[in-house]
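The structure appears below as structure tokens.
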Amino acid sequence: RLKLPYSKRVEYAENPITKKLLKIISDKQTNLCLAADVTKSADLIKLAEQVGPHICLLKTHIDIVEDFSMELLNHLKNIAQTYNFILFEDRKFADIGKTVEHQYSKGIYKISSWAELVTSHSLTGKGVLDAIKQSSGLENRGVFLLAQTSAAGSLIDEKYTKGTLQMMSEYPDLITGIVCQTPLFTDKPGMIQLTPGVQVNVAGDNLGQQYNSPESVVLERGADVAVVGRGITQASEPGAAAENYKKLLWDAYLRRIEV
Ligand code: UP6
């Protein structure tokens with residue numbers, strides 16, 4: 001996985017959104033995912049417009065938006081189409097299958113209706129994946145499973161991480177990839193490693209977040225797509241900051257496949 005260009009990995013992917021994502025990454029030459037963690041609809045729309053040209057994924061926590069409406073999602077869908085990126089809800093499902101089925105498709109957010117990608121914990125086992133699979137149909141939805149976290153003092157241990165990778169292997173048609181911090185599955189070019197906790201010149205925050213540089217996550221830690229939040233959202237010019245992260249991450253990727 002680590003030495004293959006994104007474009008060559010499309011054929012290994014079994015999930016359609018993984019294929020779509022790999023194509024977007026190659027076409028736009030960006031392996032940057034924005035963590036669009038803002039709490040007002042207008043700010044989210046503005047951010048998506050500024051950063052859209054530079055990202056492959058726009059990751060939301062839709063439940064932090066104070067003035068949420070379906071109108072917001074129509075805006076985001078349009079922007080995603082204009083700039084060719086994928087909407088990705090970082091819901092981190094962690095309940096029994098039946099409850100996840102409801103959380104995925106019902107309630108005010110109706111996540112399955114607009115997010116082509118979601119995150120899920122592996123904590124409660126396969127029922128979660130069966131629930132998502134049942135409600136979405138296989139054609140156009142993908143899941144990132146969380147196998148490690150960037151948070152300090154996390155209770156996730158090696159056994160949990162291994163078990164998560166086992167789940168990934170059992171659902172190759174549904175799983176787009178794994179959220180993790182180290183290169184865990186180098187033998188699977190059809191799976192994407194998504195790595196959050198990325199910022200330049202900052203080590204962490206006061207709530208346990210731990211950051212690594214763009215170069216280190218791609219070259220040492222095996223990231224295929226890097227998640228950057230506050231490094232972009234809190235910059236004076238988010239568009240310019242995103243462009244800078246895009247360049248740093250893409251250069252690191254070029255070095256990785258060439259070495
Ligand atoms: N995220 C992490 N670490 C994980 C999993 N997910 O930081 O292990 C998510 C957070 C946030 C984003 O929920 O949306 O990635 C990181 O944002 P930041 O760059 O502002 O710290």
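Nothing in this text is a laboratory measurement; each read-out follows from the coordinates by a stated rule. Note that the structure is predicted; figures quoted are calculated from it, not measured. Using ideal geometry, Cβ is built from the backbone for each residue, glycine included, and neighbour counts are taken over all protein chains shown.
For the chain, modelled as a Gaussian network with Cα springs under 10 Å, which listed residue fluctuates most, 208, 190, 97?
Judging by the Gaussian network model, the answer is 208.
Which three extents, in whole angstrom, do the alpha-carbon atoms of the range 91-212 cover along their principal axes, largest first?
Here the Cα extents, ordered largest to smallest, are 41, 35, 23 Å.
Roughly what percent of Cα-Cα pairs across the range 96-163 reach past 20 Å?
33 percent
Please list log₁₀ I(q)/I(0) at q = 0.19, 0.21 Å⁻¹ for the range 1-68, using the Debye equation with identical point scatterers on the alpha-carbon positions.
Each listed q corresponds, in turn, to -0.77, -0.86.
Can you list the GluC sites (Glu not before Pro) in the range 13-116 that are in a DSSP coil and have 12 or fewer other beta carbons within 10 angstrom?
When the GluC sites (Glu not before Pro) of the range 13-116 are filtered for loop state and at most 12 Cβ neighbours within 10 Å, 66 remain.
Share of antiparallel DSSP beta bridges in the chain, in percent to the nearest 5?
Bridges in the chain that DSSP calls antiparallel: roughly 5 percent.
What ratio of Cα Rg to 2.2 N^0.38 Å holds for the range 145-259?
1.10
Nearest 500 deg cm²/dmol is fine: what mean residue ellipticity at 222 nm does the chain get from its DSSP H runs of n ≥ 4 alone, each adding -39,500 (n - 2.57), divided by its residue count?
That calculation yields -12000 deg cm²/dmol at 222 nm.
Taking other Cβ within 10 Å of each residue's Cβ, how do 253, 211, 171 sort, fewest first?
The fewest-first ordering by Cβ neighbours comes to 171, 211, 253.
Set the bar at 24 Å for Cα to Cα. Now go through 110/133; 106/133; 8/92 and name every pair that lies beyond it.
Violating the 24 Å limit, Cα to Cα: 8/92.
Using only the alpha carbons of the range 208-257, determine the length spanned along each of the three principal axes and report them from longest to shortest in whole angstroms.
Ordered largest first, the range 208-257 gives principal extents of 32, 27, 12 Å.
Let me know the Kirkwood hydrodynamic radius for the range 160-202, please, with Cα pairs as the basis and the value in Å to one decimal.
Kirkwood hydrodynamic radius for the range 160-202: 11.4 Å.
Please report the orientation-averaged projected area of the chain, defined via the convex hull of its C-alpha atoms, in nm².
That works out to 12.5 nm², a quarter of the Cα hull's surface.
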